[in-house]
Amino acid sequence: MKPRALIIGGSLGGLFAANFLHDLGWELDVFERVPDDLASRGAGIGTHQELVDVLAQLGIAMDERLGFKVGDRICVDRAGKELYRIPWGHTMSAWANVYRPLKDRFPARRYHFGKGFTSLRTETDAVVALFDNGSEARADLLIGADGLRSAVRAQLFPGLEPAYAGYVAWRGTVAESAISSAAREWLGIDYWLVLPAGEMMLCYQIPAKDPASTAGRDWNYVWYRPVTPGALRELCTDAVGRHHGSAMPPPLIRPDRIARIKQDASAMLAPHMAEIVERSRPFFQAIFDVESPSLALGRVCLLGDAAFVARPHVGMGVTKAALDARCLAKSIAGSPGDLDAALARYARLRGDFGRRCVARARRLGAYIEARSRPEQAWSVEQLDQRPERVLHEVAAALSDIPELAMQI
Ligand SMILES: Cc1cc2nc3c(=O)[nH]c(=O)nc-3n(C[C@H](O)[C@H](O)[C@H](O)COP(=O)(O)OP(=O)(O)OC[C@H]3O[C@@H](n4cnc5c(N)ncnc54)[C@H](O)[C@@H]3O)c2cc1C
């Protein structure tokens, strides 16, 4: 009989695992809480060579539709004057463009939308998942790929909560054809940054989200801004006074908040970068750190953001999820008939990598965090936001980060 696994979460991490284990001959079911296709979500993502390699192993080529190389990395002041420049040439992609080929490669009848995992129980030689519609499923292995607020992690480690980093990322995309020709010419294909005190705004091109788009490319931005916990609660309160925890659905963000971010963009950013914010529909995500004490317990394992969430400054969430899934499959293939040994290997290797990612990302974001937690003692090194440091370190190639390169 084929070994069988249940994957909770049908986003990128879950789909990488599903495709790798399917290729190993496992019988799999993916359960996704959201009721319909996820392709409309997400914005731009920076990639790493290792992500391209993992996709290639699954037969998915990183072509023009999936991603393309940007030019130099350039830091400017708010007048648009160049402060620092380094050659870059990294491949940028869009969340949906990675999701689609992974989703299409996996048998649709085994992917179940609208099924939220609630709890699990273990039996001799089996694990049983329970869902919000009262149904249950049984398998040899359960993989938690259910992201930042993982319900699987909560089952393994009750009380372990994501730690708010003290800042949010305002994000948005706009079709290249929707910005002025002056902005298009100035921006070119480069990767731009502005570093207002205690903040970081970056923007770059990504493949268009709309597959039918003839414009071909969108501009994507991420603007990190300090927000105290109290102000975050305000920000996550909608127009009728309802609070939404720390995850505000984009359509419910109050119009005055959107107007304010556009005003701030015009006052604080270089004019052509401000134009991108002005012409987008901004939304925000609060930034968190998550470190799971272990990636496997019994017949349950965690991967992607369910396992570790590193702040986005390492630009590695998707690559980390892809490498987790590949390591899990490799560990299973390398220990035939011994799932315990496979999971122990997986937990050791990917636990080490995840902890190092979280630590690095925390260091890169310290100067932003410090603005909303000034009472803490911050060292000069932690507060260092010189362009020459930020440009070299943010989303650096894995091969240039010794403490991570050795872990791949
Ligand atoms: C501002 C920002 C910028 C980023 N930029 C980059 C970047 O440039 N490069 C990069 O690589 N990464 C980036 N990331 C990180 C990246 O988005 C994530 O790390 C990555 O998507 C992790 O994927 P995942 O599948 O583990 O989790 P998720 O994508 O969060 O997926 C979890 C899935 O599980 C589902 N789910 C949740 N609970 C349940 C349940 N109970 N039952 C069933 N299903 C459930 C959810 O609906 C979701 O589909 C960024 C993140 C942020 C916030």
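The values are calculated or read from the model by the stated rules, or taken from the named source; none is laboratory data. Since the structure is predicted, the reported quantities are computational estimates derived from the model, not experimental observations. Don't worry about glycine lacking a Cβ; one is built from the backbone with ideal geometry, like all the others, and counts go over all protein chains shown.
Only one residue in ALA265, ALA197, ALA231, ALA296 is surrounded by 22 or more Cβ atoms within 10 Å (Cβ to Cβ), modelled with pLDDT of 95 or more and more than 30 Å from ARG100 (Cα to Cα), so which one is that? After ruling out the rest, the residue left standing is ALA265. Looking only at the stretch 129-151, count every residue that is more than 10 Å from the ligand (Cβ to nearest atom) and surrounded by 21 or more Cβ atoms within 10 Å (Cβ to Cβ) and tell me the total. The number of residues fulfilling the criteria is 3.
Among the residues of the stretch 327-334, is there at least one that is within 15 Å of the ligand (Cβ to nearest atom), over 19 Å from the mean Cα position of the chain (by Cα) and hydrophobic (A, V, I, L, M, F, W, C)? Scanning the stretch 327-334, I find at least one residue that is within 15 Å of the ligand (Cβ to nearest atom), over 19 Å from the mean Cα position of the chain (by Cα) and hydrophobic (A, V, I, L, M, F, W, C), so the answer is yes. Does ALA154 satisfy the criteria of being within 11 Å of the ligand (Cβ to nearest atom), of a type in the set (A, V, I, L, M) and in contact with a helix residue (DSSP H, G or I) (Cβ under 6 Å, 6 or more places away or on another chain)? No. Of all the numbered requirements in (1) modelled with pLDDT of 95 or more; (2) part of a strand (DSSP E or B); (3) out of contact with any Leu (no Cβ under 8 Å at 6 or more places or on another chain); (4) within 11 Å of the ligand (Cβ to nearest atom), ARG225 misses one, and that requirement is (4).
Filtering the stretch 313-342 to residues that are in contact with a strand residue (DSSP E or B) (Cβ under 8 Å, 6 or more places away or on another chain) and without any contact (Cβ under 8 Å) to a residue 60 or more places away in the chain leaves only LYS320. Selection over the stretch 228-254 of residues that are outside any helix (DSSP H, G or I) and not aliphatic (A, V, I, L, M) gives a count of 12.
Selection of first residues in the stretch 379-408 that are closer than 14 Å to MET200 by Cα and of second residues that are at pLDDT below 90 and surrounded by 17 or more Cβ atoms within 10 Å (Cβ to Cβ), restricted to Cβ pairs under 8 Å at least 6 apart or on distinct chains, gives the following pairs, ordered by first then second residue: ALA395/GLY46; ALA395/HIS90.
Flag set for PHE283, criterion: among the hydrophobic types (A, V, I, L, M, F, W, C), surrounded by fewer than 22 Cβ atoms within 10 Å (Cβ to Cβ) and closer than 25 Å to ALA247 by Cβ. Residue-level check: of (1) within 11 Å of the ligand (Cβ to nearest atom); (2) surrounded by fewer than 20 Cβ atoms within 10 Å (Cβ to Cβ); (3) of a type in the set (A, V, I, L, M), MET92 misses just (2). Counting only residues that are over 21 Å from ASP77 (Cα atoms) and either modelled with pLDDT of 95 or more or not hydrophobic (A, V, I, L, M, F, W, C) (or both), the stretch 381-408 holds 7 of them. Somewhere in the stretch 308-328, is a residue among the acidic types (Asp, Glu), within 21 Å of GLY25 (Cα to Cα) and either at pLDDT 95 or above or crowded, with 24+ Cβ neighbours inside 10 Å (or both)? Among the residues of the stretch 308-328, at least one is among the acidic types (Asp, Glu), within 21 Å of GLY25 (Cα to Cα) and either at pLDDT 95 or above or crowded, with 24+ Cβ neighbours inside 10 Å (or both), which makes the answer yes.
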